[in-house]
Structures are given as C-alpha cells and as structure tokens.
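Each value in this text was obtained by applying a stated rule to the coordinates, not by laboratory testing. Here the structure is a predicted model, which is why all the values come from computation and not from measurement. For neighbour counting, all protein chains shown are included, and Cβ atoms are generated from backbone atoms with ideal geometry for every residue, glycine included.
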Amino acid sequence: MQSKLIHYIPEEALSKVLKLLDHDNLVIKVKGERKTKHGDYRALPNGKHQITINANLNEYRFLITLIHEIAHFEAFQNYGRQIKPHGLEWKRTFQHLMLPFLNPEIFPNHLLPLLANHFKNPKASSDTDVKLALSLKQYDVPNNKTYIFEVAPNTIFKIYNGKMFKMLKKRVKRYECVEIETGKLYLFNPNAEVEVIKNK
C-alpha cells in the first residue's frame, strides 16, 4: 500500500511520509468514503496497527489525515494505552510530525498560514477549524452541495443520511436547524455540506 500513496498525497511529501511509515507492524488501508470520519487508527489484537483513510479526500486533506493517524500510532507507541485519544501527548506528536510538511513545496502558499494557526493547538478534526476546512474544500471534486452558512432562513435541506431539516437562525458560531420529521433542534457547524431542497 505504501507505494500507492503517491496517488493520494502531494508528490513532494512522499519520501517524508514513507519514512514515517517504516514500521513492520503498521498497515495502511484506503477505504471508500465514510461520512462521519476521514480516517482512523486501531491497535489490532495480533500486535499490528492499522490506519485507514478515505479514498475520496483531496491530496492535502489526505496528507493531513494520514499524519493525524500516524500521530495516534506514535503517541500510542511512546506513551502507552492510557493517554486520551486527542490529549496533550497526541497534540505534541501531531505538531512534531506535521512541521516538516508545512512548506510551499507541499502545500499551496495560501494554506500555510491557516495550517500554521491550526497546528498551534490541533483539534480532533480539522473540520472544526472552519477557515482551514473551507480552504481545503476548494480542492475537492465539485458536487451539488451547499455550505450551511450559505443557506437562507426557512430553507429546507437534507444531509448525507437523507434526514431533512429547516434552517432557523445563526447562533454565535453554529446554525440552529429543526429536523422536519421529529421537530428536534440541531446545531450545525458552518462548513457542513448540505443539499438544498427548496426555499420556503
């Protein structure tokens, strides 16, 4: 699998990534799209470690996600099983591993300040960093989705699992919507992608 990574990440990042993956007991698998996550890391019962990454990610998001998951592996190796998944040990490991990649040979210049800011205190998902997530999405394959921050009040929309909502209002950072079927209120991050059904 390691040799096939050239199809998923910037070419200039390959040699650095291969050095990080130089472990006999680490397996990388590329999976079909999963709506709830970009990738994951698991310690397997047989002593091996497995990282899975979604195949549909653009090359920059794929690289960030891969380093994110390698950081889980490294933190597990260095600090043991008892650490929090996205605690201080993981954050420091992720920062350390990502630093050599934060240069204009690998990432476009306009992404570098956003990445530098994100990695001051990396979160469990880069999607929660709205400015970075929106900039990364410029490199995705175009689709018929709309960002929720572009959706007008009272507009009906649906999400990836088919559930339908009506846009109510913006709160401080997130958007309050009501599920049509149940009447329950939900909050959405501004960069959530939805499919607009109709404007009321």
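Couple of notes before you dig in:
- If you take the alpha carbon atoms of the chain and fit the smallest convex hull around them, that volume is 146 Å³ per residue.
- Distances between placed amide hydrogens fall under 5 Å for residue 27 paired with 49, 50, 51, all partners being 5 or more residues away or on another chain.
- Chymotrypsin sites (Phe, Trp or Tyr not before Pro) within segment 152-198: DSSP coil, no more than 12 neighbouring Cβ in 10 Å: none
- In this rough spin-label picture, where each label sits 7 Å from Cα along the Cβ direction, the residue 48-residue 105 distance is 3.2 nm.
- Of the trypsin sites (Lys or Arg not before Pro) found in segment 119-171, those that fall in a DSSP loop while having at most 11 other beta-carbon atoms within 10 Å are 120, 171.
- Shape call, segment 87-200: gyration tensor on alpha carbons, a/c limit 1.5: prolate
- For 128, 93, 155, order by how many other beta-carbon atoms lie within 10 Å, fewest first: 128, 155, 93
- Taken about its Cα centre, the chain carries a charge dipole of about 880 debye when Lys and Arg each add +1 at the Cβ and Asp and Glu each add -1 at the Cβ.
- Lys, Arg +1 and Asp, Glu -1 on Cβ, resulting dipole of segment 146-199 about Cα centre, debye, nearest 20: 220 debye
- Under 17 Å from the residue 58 label point (7 Å along Cα→beta-carbon), backbone N, segment 159-200: 191-194
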